[in-house]
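First comes the structure, then the notes that go with it.
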Amino acid sequence: MADPLILSIIGRNVIGCEGLRRILVDNGFKLERSATYHQDIDFEDWKDRPNHVVIIDGASVDQALDISGHVRAALTQPRILILCDTFDLGSIKQAFATGVDGVLPAEMRPAALAVAIRLIALGEKAMPSEMPELLLAEYGHFVTLPSEPGTRSIKLSDGEQNILRLVAAGHTNKQIGEALNLTEAVIKAQIKAILRKLQVGNRTQAATWAYCHGLANNGGSH
């Protein structure tokens, strides 16, 4: 059984850290550490594990990158997510080039943030939907998160919705087939049909759609 996901926050101030902590806890996450830029952080007490996501809240990507450099120098395994007020193509490219796993706007909705964190923990990269596809070409498979759910009407059958919920929960095709008493080949075909309906390129983007449209449990599976 995989270790449960744990999060740590490095924020601009105590008030900001507390607000972010409440959002994360409300979405079912376990908070490991919380610190501010102005503290002398001793990373020896922080867990150097792949199931650990460190969230850095900064005014800009450049400001957060200074902190992420200290994190990465001390901890090699955790994922790093930057939340910031302002960003541009150059700073985001620099962030991913230095080992950051996600750069997202600080004002994004809690539900979208929750799914982004879970996908980053699975090894995906997350970036704002405003960024052009240059990053996609350079760094591989990214999850593009819309600022608001789309208004396009998409009709999914009850069976497709059940499969999509299990996809969003992180289950494999084999596990979904066992849960629904269907063959793995049938599940694979159904997922392809779902991707076509949603007009997305892969199952992680389908999971994002599910979270943003209320088809998945933001608190995760238990």
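One table, with the values for the structure above:
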| read-out | value |
| --- | --- |
| Selection count where residues are under 25 Å from A111 (Cβ atoms), of a type outside the set (S, T, Y) and loosely packed, with under 14 Cβ neighbours inside 10 Å, scope the stretch 162-178 | 0 |
| Single unsatisfied condition, I9 versus (1) on the phi > 0 side of the Ramachandran plot; (2) in contact with a Lys or Arg (Cβ under 8 Å, 6 or more places away or on another chain) | (1) |
| Pick from the stretch 71-109, criterion charged (D, E, K, R) and out of contact with any Leu (no Cβ under 8 Å at 6 or more places or on another chain), ranking: surrounded by the most Cβ atoms within 10 Å (Cβ to Cβ) | R79 |
| Those residues of the stretch 59-70 which are surrounded by fewer than 20 Cβ atoms within 10 Å (Cβ to Cβ), touching a residue at least 24 places away in the same chain (Cβ under 8 Å) and not polar (S, T, N, Q), in sequence order | A59, D62, G69, H70 |
| The stretch 73-87, residues that are farther than 18 Å from I120 by Cα and touching a residue at least 12 places away in the same chain (Cβ under 8 Å) | A74, D85, T86, F87 |
| G28 being over 21 Å from P128 (Cβ atoms) and in contact with a His (Cβ under 9 Å, 6 or more places away or on another chain) | yes |
| Residues that are without any contact (Cβ under 8 Å) to a residue 12 or more places away in the chain and touching a strand residue (DSSP E or B) at 6+ places or on another chain (Cβ under 9 Å), drawn from the stretch 19-38 | G19, V25 |
| Condition broken by S153, with the remaining ones in (1) at pLDDT 65 or above; (2) more than 28 Å from F29 (Cβ to Cβ) satisfied | (1) |
| Positions within the stretch 117-150 being out of contact with any Phe, Trp or Tyr (no Cβ under 9 Å at 6 or more places or on another chain) and modelled with pLDDT of 80 or more, in sequence order | L119, I120, A121, L122, G123 |
| Any helices (runs of 4 or more DSSP H) falling wholly within the stretch 39-128 and containing at least 3 residues that are within 25 Å of W209 (Cα to Cα) | 89-97, 110-121 |
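The values are calculated or read from the model by the stated rules, or taken from the named source; none is laboratory data. Small disclaimer: the values here were computed from a predicted structure and weren't measured. Glycine also receives a Cβ, built like all others from the backbone with ideal geometry; neighbour counts cover every protein chain displayed.
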